[in-house]
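A short write-up of the structure that comes next.
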Amino acid sequence: MTSTGKPVVAQEKLESDFQMLYNLKAAKNKELQSYDDTMFVVTTEDDKKFIAKYYNPLFTNREILEKILETLVHLEKFNVPRPVPQINGDLLSNLQDTSASSEVLGYFVVYQYISGKTLGSDKKEPSFWRKLGKMVAEISEKMSEIKCEDYVRHHSWDPLESIKTLEQVKEYFPADKVTKVDVNSVISTQQNIQNILKEFPVQLIHSDVNEYNVIVGEDGEPGIIDFNDMIRSYRVFDLGHCIGYMVEAQNCDLEVGRYVFEGYSSVIKLSETEISLLYDVVVARFTLSISIGNKDVTLGLANDYVTKCVADNTRFLSQLSNLGRKTFNEVVLRI
C-alpha cells in the first residue's frame, strides 16, 4: 500500500485472488490508470473480460460499498458495471497480502467488463446525447426505488455539503477576472438552492456523470460507469452535472446540453422550480471542481489528470459565464 492508501498488487496476487474467490483462471492482466484504487482488466482463458478492483482501504467504507453494489445489481438492465458474485455468493472480500507484512489491501470486487471506450471529447450525433439524457433519467427513476434513509455519507463532492467544502477551499479558486465568477456569490446561491430543494424528495444519485464516466459501446449506445461517488441527494443534480460535463467536453456547445435535456425530459418531467436551478447547479459544480483541483495543484498533490481537468474546467466556466444564464436557459432549456 502506498502512502496515499492505494493498494500495490502483484500480478501473482491478482491471479491468486481471481482463482480462489471466483474459480476463474486469468490469462492476461492489464492495470488501468486509477487515482485512489487499483484496477485491472483481466482476460480469462476462455477470452472473457472482467474489471478487478482493489479499493483504497483509507477511503472505503464497507457499508457504503455494499450499498453501491446493491444499487448496481438493482440496475442490471442498464449498461452499467455489474458486480460478479464470488464462489460463496458474496460480492466483495476484505483481502490481506499474506506474502509479506499482512498489509490490508482493501476490499476486492470483480465487475463484468463493459466493452467500448470512454466518451471523452468525441463528437456525437444529437441522437446519442438524447439517449444519454434518457438513460440518466431512467437510472434516476430506478435508483429512487432503493431505500436510502440509512445511507449516510459525507463527501466533498456532495452538493448538499458544497457550501462547507467551498468555504474550505475557496482561496484556491482563480481570481474573478479569470472565470468571471465570484465564489462567494456561488456559496450564497448554493444556500438558496438547498432551501428551495427542501420541498423535494431525496434519493440515491450517481453524482458524477462526466465525459470519462460515459462509455460508448461497440454498438454506439451509451453506458455509465463509476458509481463510487454515489450519494443521497436530489435528482436535479445528476441532470445538471451531466449537462455541464457534456457541454464542457464539447467546447461549450450548448446545443449538446439541449439534446441531453430533451432525452432526460422524455422520461422525467422536472418541475419549473427544478429546471430554473440548472444553470446554478452547473456553475456550482465547476466552481467546486476547480477549487478542489487547484488546491491539489498548488500543494503539489495533483496528477496529470487533475491538472488537465482544472485547466479544462476553468476555461469552460469562463466560457459559460460569458454566455450567461439567459443564453443557457434559452438554448438548453428553451425558456
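The values are calculated or read from the model by the stated rules, or taken from the named source; none is laboratory data. Just so you know, these numbers come straight off a predicted model, no measurement behind them. When we count neighbours, we look across all protein chains shown, and the Cβ atoms used for this are built from the backbone with ideal geometry, even at glycine. What goes into the accessible areas is simple: the full protein's heavy atoms, side chains included, and nothing from ligands, DNA or RNA. Shrake-Rupley method; radii C 1.70, N 1.55, O 1.52, S 1.80 Å.
Restricting SER185, SER127, SER162 to those that are crowded, with 19+ Cβ neighbours inside 10 Å and assigned to a helix (DSSP H, G or I) reduces the list to SER162.
Exactly one of (1) open to solvent by less than 20 Å² (accessible area, probe 1.4 Å); (2) among the small types (Gly, Ala, Ser); (3) closer than 28 Å to GLU218 by Cβ is unmet by GLY5. Its number? All conditions pass for GLY5, except number (3). Taking the criterion of being in contact with a strand residue (DSSP E or B) (Cβ under 9 Å, 6 or more places away or on another chain) and acidic (Asp, Glu), the only residue of the stretch 118-139 that qualifies is ASP122. GLN19 satisfies every condition listed in (1) within 30 Å of GLY133 (Cβ to Cβ); (2) part of a helix (DSSP H, G or I); (3) not small (Gly, Ala, Ser) except (1). Restricting to the stretch 322-335, and then to whatever is open to solvent by 30 Å² or more (accessible area, probe 1.4 Å) and polar (S, T, N, Q), can you tell me which residue is nearest to TYR259 (Cα to Cα)? That would be THR327. Taken over the stretch 313-333, the residue count meeting the criterion of being in contact with an Asp or Glu (Cβ under 9 Å, 6 or more places away or on another chain) and either closer than 26 Å to LYS269 by Cβ or modelled with pLDDT under 95 (or both) is 4.
Per the listing GLU274, GLU211, GLU255, the residue uniquely open to solvent by 40 Å² or more (accessible area, probe 1.4 Å), out of contact with any strand residue (DSSP E or B) (no Cβ under 7 Å at 6 or more places or on another chain) and in contact (Cβ under 8 Å) with a residue 60 or more places away in the chain is GLU255.
The rows are residues; the columns are (1) at pLDDT below 90; (2) in contact with a Phe, Trp or Tyr (Cβ under 7 Å, 6 or more places away or on another chain).
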site: THR2; (1), (2): yes, no
site: SER16; (1), (2): no, no
site: ALA26; (1), (2): no, yes
site: ASN29; (1), (2): no, yes
site: PHE40; (1), (2): no, no
site: THR43; (1), (2): no, no
site: PHE50; (1), (2): no, yes
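Looking at the stretch 290-308, is at least one residue among the aromatic types (Phe, Trp, Tyr), open to solvent by 20 Å² or more (accessible area, probe 1.4 Å), closer than 17 Å to GLY133 by Cα and not in a loop (DSSP other than H, G, I, E, B)? No: zero hits. Here is the figure for the stretch 258-271: residues that are surrounded by fewer than 18 Cβ atoms within 10 Å (Cβ to Cβ), touching a Gly at 6+ places or on another chain (Cβ under 9 Å) and not hydroxyl-bearing (Ser, Thr, Tyr) total 2.
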